[in-house]
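Beneath this line is the structure, given in structure tokens, with notes to follow.
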């Protein structure tokens, strides 16, 4: 049994690679970009979430009373780029989630280089992000974010 | 990357080991016992389901229009006992689903030996099955099945 391959299998079903956006008028670009990798499980599966947390040696676990889920989440761009992304390059996802991952890895790399502070790159980040997580819902429409970007001068 | 370990990881999140029951007045026991192992995925992940189907070399895939899912399912007791169960003994589940699996494997073994045709064993199968799949719903209450069993003479 290879636990690293097991983790990739589990994440292929249950994990989430997400780039989310928030309006932040205090930022020059007007838009905050927030990448995250997460796994949520019902509390009955807490031990497995802890085991995966231990495996990646970064991120944090928290409990949501609303849905009785434990969520393991990594938001630090450093941890994403040095621990999470290298794992999934070495042990690749086998399903549709591989598409999400590839976009996610590319965007994290841009953020790690601070390129999201540049309007051209941020535009690219927004359009690429909206090609991820087909089944999910988003707070803002893509056009709305791009409009904010057009109004800013960065 | 070890695909066998990957499969176990994927199943730990997305797979289902189930023992279901149907009332069958034509059977001596009055109750049909049906074990199954299955994985359901949205059609966008069809290729991965096909890959897992190919890995186990048994069972069948079918499409459900209702939820746009592909389901890979193994119902044959022979295939369950000679292909599915040995895999998860060699590459063990790491989460709560391991409990379900252990009960499932024990019950399949009894069925493979035709012990479910015996009232005492069938009673055991019913009570053990109802300890599986905590989050699921069941057509019949356990007490109802046991009552049917009490009324039959096997």
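The values are calculated or read from the model by the stated rules, or taken from the named source; none is laboratory data. Note that the structure is predicted; figures quoted are calculated from it, not measured. So basically every Cβ, Gly included, is an ideal-geometry build from the backbone, and we count neighbours across all protein chains shown.
Observations, loosely collected:
- Here residue A:85 meets each of (1) within 18 Å of the chain's Cα centre (by Cα); (2) at pLDDT below 95 with one exception, condition (2).
- For region B:57-85, residues that are surrounded by fewer than 16 Cβ atoms within 10 Å (Cβ to Cβ) and in a helix (DSSP H, G or I) total 2.
- Qualifying residue in region B:10-20 (condition: over 26 Å from residue A:96 (Cβ atoms) and either outside any helix (DSSP H, G or I) or touching a strand residue (DSSP E or B) at 6+ places or on another chain (Cβ under 9 Å) (or both)): yes
- Flag for residue A:61 being farther than 29 Å from residue B:70 by Cβ and either more than 15 Å from the chain's Cα centre (by Cα) or away from every other protein chain (no Cβ under 14 Å) (or both): yes
- Residue match in region A:92-102 (condition: over 25 Å from residue B:41 (Cβ atoms) and not in a helix (DSSP H, G or I)): no
- Looking only at region B:3-50, residues that are within 14 Å of chain A (Cβ to nearest Cβ), under 12 Å from the mean Cα position of the chain (by Cα) and crowded, with 21+ Cβ neighbours inside 10 Å come to 2 in all.
- Among the residues of region B:128-146, just one is in a helix (DSSP H, G or I) and surrounded by fewer than 12 Cβ atoms within 10 Å (Cβ to Cβ), namely B:143.
- Between B:149, B:93, B:145, B:110, the distinction of being at pLDDT below 95 and out of contact with any strand residue (DSSP E or B) (no Cβ under 6 Å at 6 or more places or on another chain) belongs to B:149 only.
- Scanning region A:104-125 for residues that are in contact (Cβ under 8 Å) with a residue 60 or more places away in the chain and either over 13 Å from the mean Cα position of the chain (by Cα) or surrounded by fewer than 16 Cβ atoms within 10 Å (Cβ to Cβ) (or both) yields A:116, A:117, A:119, A:122.
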